[in-house]
Amino acid sequence: MNKELRRARIAGIILIILALTAVFPTSFYRLLGTRATPYVIFYLFTLIVYLGFIFGFKIIAKKVNNNLLKKACSAFIVFSAIYYIYFILTMYWAGISSFSFIYFLQLINGAIGLVFGWALIGLKKEFAWLGFSAGALMIILSLSIIISSLFSLFNIFLNFSSFLFEVNNMFLVLVYALETRILFKAEERL
């Protein structure tokens with residue numbers, strides 16, 4: 001188990017770095033260029049790292065018998081595969097790209113995030129303030145994702161929706177940092 005948790009912790013650190021690229025996208029996109037191949041490699045790499053990260057929480061869920069966290073992890077694993085594969089396919093077949101579908105995917109992401117956040121709060125017994133803080137911030141982030149996606153989907157308050165997307169990216173760094181800290185604490189406490 002320690003080996004798997006170690007991989008999940010490393011994945012968490014990498015995710016924090018990847019999330020920072022979303023906070024400062026201009027220089028990152030300049031680095032990747034305009035060809036699709038670097039983006040495909042980036043999305044595949046991100047997917048693999050994210051799956052390793054979520055797998056760490058699945059291990060924690062089994063150890064503490066948190067069924068809600070197990071289900072949320074499984075949902076995130078399936079959703080992430082669909083999400084990243086869709087984005088990779090849109091780079092080669094522009095005809096399947098749809099903003100409405102992207103916002104729909106974001107709504108699903110937000111809904112799963114709400115469940116995941118609630119499950120993290122359930123780790124309060126094992127991880128005290130850390131479980132509660134990570135869960136509460138995940139719920140706030142997920143609600144913000146849902147609200148900005150709904151605004152974008154229905155073309156209302158688009159400036160506010162764009163602002164929320166930027167705030168979400170900054171929040172994501174903080175959420176990943178707290179969740180990664182949980183993975184570090186898991187080895188000590190479980």
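The values are calculated or read from the model by the stated rules, or taken from the named source; none is laboratory data. All of these numbers come straight from a predicted model, not from anything done at the bench. Using ideal geometry, Cβ is built from the backbone for each residue, glycine included, and neighbour counts are taken over all protein chains shown.
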Quiz item: Is it true that some residue in the range 110-117 is free of Cβ contacts under 8 Å to residues at least 40 places away in the same chain and among the β-branched types (Val, Ile, Thr)?
Solution: no
Quiz item: Got a sec? Which of Ala136, Ala177, Ala128 is without any contact (Cβ under 8 Å) to a residue 12 or more places away in the chain and surrounded by fewer than 19 Cβ atoms within 10 Å (Cβ to Cβ)?
Solution: Ala128
Quiz item: For the range 50-68, how many residues are loosely packed, with under 15 Cβ neighbours inside 10 Å and either farther than 21 Å from Glu187 by Cα or aromatic (Phe, Trp, Tyr) (or both)?
Solution: 0
Quiz prompt | Test result for Gly56, modelled with pLDDT of 90 or more and not hydrophobic (A, V, I, L, M, F, W, C) | solution = yes
Practice problem: Could you tell me whether any residue of the range 156-166 is at pLDDT below 85, in a helix (DSSP H, G or I) and aliphatic (A, V, I, L, M)? | Solution: yes
Quiz item: Residues in the range 87-109 that are buried (at least 16 other Cβ atoms within 10 Å of the Cβ), out of contact with any Phe, Trp or Tyr (no Cβ under 7 Å at 6 or more places or on another chain) and closer than 16 Å to Val40 by Cα: how many?
Solution: 1
Practice problem: Filter the range 12-53 down to residues that are not in a helix (DSSP H, G or I) and not small (Gly, Ala, Ser) and give me whichever is modelled with the lowest pLDDT. | Solution: Phe24
Quiz prompt | Filter result for the condition that a residue is under 15 Å from the mean Cα position of the chain (by Cα), touching a residue at least 12 places away in the same chain (Cβ under 8 Å) and either within 30 Å of Glu187 (Cβ to Cβ) or surrounded by 13 or more Cβ atoms within 10 Å (Cβ to Cβ) (or both), over Leu47, Leu123 | solution = Leu47
Practice problem: Determine if the range 148-170 includes at least one residue that is among the small types (Gly, Ala, Ser), over 13 Å from the mean Cα position of the chain (by Cα) and surrounded by fewer than 16 Cβ atoms within 10 Å (Cβ to Cβ). | Solution: yes
Practice problem: Among the numbered conditions (1) loosely packed, with under 15 Cβ neighbours inside 10 Å; (2) farther than 21 Å from Leu5 by Cα; (3) modelled with pLDDT of 95 or more, tell me where Ile112 comes up short. | Solution: (1)
